[in-house]
Amino acid sequence: MMFAITRGVSPAIDRCELTHIDREPIDFSRACAQHRQYVEALRGLGIQVLALPVEPDLPDSVFVEDAALVLDECAIMTNPGARSRRPELESIEAALTPYRKILHVQAPGTIDGGDILVVGKTVFVGVTTRSNGNAIGQLTVMLEPLGYEVRPVPVTGCLHLKSGVTQVADDTLLLNPDWVSSAYFPGLNFLEVDPAEPGAANAVLVGGAIIFPTAFPGTLKILKSAGITAVTVDADELAKAEGAVTCCSLLFRHDD
Ligand code: GLY
């Protein structure tokens, strides 16, 4: 059974961290409605949703992905690069504890889950303003004994690795080549975003389908032409907080 940890939108979202985009007003009701639509999309794809209580004082707390890396063998709590986001971890660690052995990235390592893309037994980690070499070294020590290879990937022009590249099928990545180079992913196939839609590389792969924003019709056409099945959701209000669709869930498998 696949599970997803989610958390509703904080009423403080208008005080979120922003790095690469300008602040503009966020319509809280619209953001909440979009989040509900996202959760329904997960449920529609057969995911069991574990919805955590809203955190009224943690502006970015809807973006649960950044708090942890969940693998079959363990969950690694991150140490988010933005100090304001570190209190988000406590409730997520509590939610994961029944399902996984918990490990921790320690300071001075910093890392956001949005910088981690796992493809098979390879863990690609974006080197960004949020995630540093120290944390990548810690991940390597934790994960190599479990058979994973950890590979750093330079990222420019966007917040996280997964702003610029995500997996959309078993052997296929969706990529914005201006932000992340395909050279760091040998042996995989690529689809490139529509050049008019630089923010379109973020998709959530769930089983044989992706959850994908309605805001990127050109890239959606490219995906469909490649035979990818997409469930579309409105996510433009949440995007004003510099978060994308992968950010809103922590997906993992658990069988009784
Ligand atoms: N607002 C998302 C982040 O900066 O972490």
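Evaluated against (1) touching a Ser or Thr at 6+ places or on another chain (Cβ under 7 Å); (2) in a helix (DSSP H, G or I); (3) away from the ligand (no atom under 16 Å from the Cβ), Ala135 falls short on exactly one condition, (3). Between Tyr99, Tyr38, the distinction of being at pLDDT 95 or above, of a type outside the set (D, E, K, R) and in a helix (DSSP H, G or I) belongs to Tyr38 only.
Annotation: of all residues in the stretch 209-228 being within 14 Å of Val193 (Cα to Cα) and either of a type in the set (A, V, I, L, M) or touching a residue at least 60 places away in the same chain (Cβ under 8 Å) (or both), the one that is farthest from the ligand (Cβ to nearest atom) is Ala226. Filtering the stretch 19-38 to residues that are under 19 Å from Gly114 (Cβ atoms) and surrounded by 15 or more Cβ atoms within 10 Å (Cβ to Cβ) leaves Ile26, Ala31, Gln34, His35, Tyr38. Among residues of the stretch 1-23 that are of a type in the set (Ser, Thr, Tyr), those with a Cβ under 9 angstrom from a residue that is loosely packed, with under 14 Cβ neighbours inside 10 Å and outside any strand (DSSP E or B), sequence gap 6+ or separate chain, pair up as Ser10/Pro56; Ser10/Asp57. The requirement of being over 30 Å from Gln48 (Cα atoms) and either surrounded by 17 or more Cβ atoms within 10 Å (Cβ to Cβ) or small (Gly, Ala, Ser) (or both) is not satisfied by Phe216. Has the stretch 187-206 got any residue that is under 22 Å from Thr122 (Cα atoms), within 16 Å of the ligand (Cβ to nearest atom) and aromatic (Phe, Trp, Tyr)? Within the stretch 187-206 (the criterion being under 22 Å from Thr122 (Cα atoms), within 16 Å of the ligand (Cβ to nearest atom) and aromatic (Phe, Trp, Tyr)), the answer is no, since none of the residues qualifies. Val231 passes every criterion in (1) surrounded by fewer than 24 Cβ atoms within 10 Å (Cβ to Cβ); (2) more than 16 Å from the ligand (Cβ to nearest atom); (3) not in a strand (DSSP E or B) apart from (3). Look at Ile111 and say whether it is among the aliphatic types (A, V, I, L, M) and under 22 Å from Leu173 (Cβ atoms). Taking the combined requirement at face value, the residue satisfies it.
In the stretch 3-19, which residues are within 12 Å of the ligand (Cβ to nearest atom), touching a Phe, Trp or Tyr at 6+ places or on another chain (Cβ under 9 Å) and of a type in the set (D, E, K, R)? Hit for the stretch 3-19 is Asp14, nothing else.
Can you give me the number of residues within the stretch 42-73 that are under 15 Å from the mean Cα position of the chain (by Cα), in a loop (DSSP other than H, G, I, E, B) and within 16 Å of the ligand (Cβ to nearest atom)? The number of residues fulfilling the criteria is 4.
Quick check on my filter: what residues within the stretch 150-165 are part of a strand (DSSP E or B), among the hydrophobic types (A, V, I, L, M, F, W, C) and either in contact (Cβ under 8 Å) with a residue 60 or more places away in the chain or more than 14 Å from Arg130 (Cβ to Cβ) (or both)? Across the stretch 150-165, the qualifying residues are Val150, Val165. Which residue pairs have Cβ atoms under 7 Å apart, sit 6 or more places apart or on different chains, and have a first residue in the stretch 35-46 that is within 13 Å of Leu205 (Cβ to Cβ) and a second that is assigned to a loop (DSSP other than H, G, I, E, B) and of a type in the set (Ser, Thr, Tyr)? What qualifies is Leu42/Ser249.
Here the stretch 74-84 is the region considered, the condition is being farther than 13 Å from Gly114 by Cα and within 16 Å of the ligand (Cβ to nearest atom), and the residue that is surrounded by the fewest Cβ atoms within 10 Å (Cβ to Cβ) is Arg83. State which residue is surrounded by the most Cβ atoms within 10 Å (Cβ to Cβ) when the search covers only the stretch 237-256 and only residues that are more than 15 Å from the ligand (Cβ to nearest atom) and over 13 Å from the mean Cα position of the chain (by Cα). Per the criteria, the residue is His254.
The values are calculated or read from the model by the stated rules, or taken from the named source; none is laboratory data. No experiment lies behind these values; they were computed from the predicted model shown. Ideal geometry is used to build each Cβ from the backbone, glycine not excepted, and the neighbour counts take in all protein chains shown.
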